[in-house]
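Each value in this text was obtained by applying a stated rule to the coordinates, not by laboratory testing. Owing to the predicted nature of the structure, the values given are computational and were not obtained by experimental measurement. Heads up, the Cβs are rebuilt from the backbone with ideal geometry, glycines too, and the neighbour counts pull from every protein chain shown.
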Amino acid sequence: MTKAVSQDAAMIDTLEEVIFLFEEAQDVVFKLMAGDLVPKFLSNPKYQQQLRSYDFGVVGKGPERG
């Protein structure tokens, strides 16, 4: 029984390390996107055209009830 508990503890340690590494990578990707891709997207002519044609008056309104 001790062997199984030992293996469980090792597995938990490994999973915690994987989660930590994933979160670190995720932070780097989000920072790169915020600094590079988002500004490019916001200044894209196709996005600007869609933005001008969008009706912001409908944002947040749910379906009408009768």
>> What does the net charge come to around Phe30 if you take all other residues with beta carbon closer than 12 Å to its beta carbon, with K and R at +1 and D and E at -1?
In response: -3
> For the stretch 21-26, in order, what is each residue's ³J(HN,Hα) by Karplus, 6.51 cos²θ - 1.76 cosθ + 1.60 with θ = phi - 60°, in whole Hz (x at glycine and Pro)?
Replying inline: 5, 4, 5, 5, 5, 4
> Between Tyr54 and Leu15, 0.36 nm times their residue separation minus their Cα-Cα distance comes to what?
Replying inline: 9.6 nm
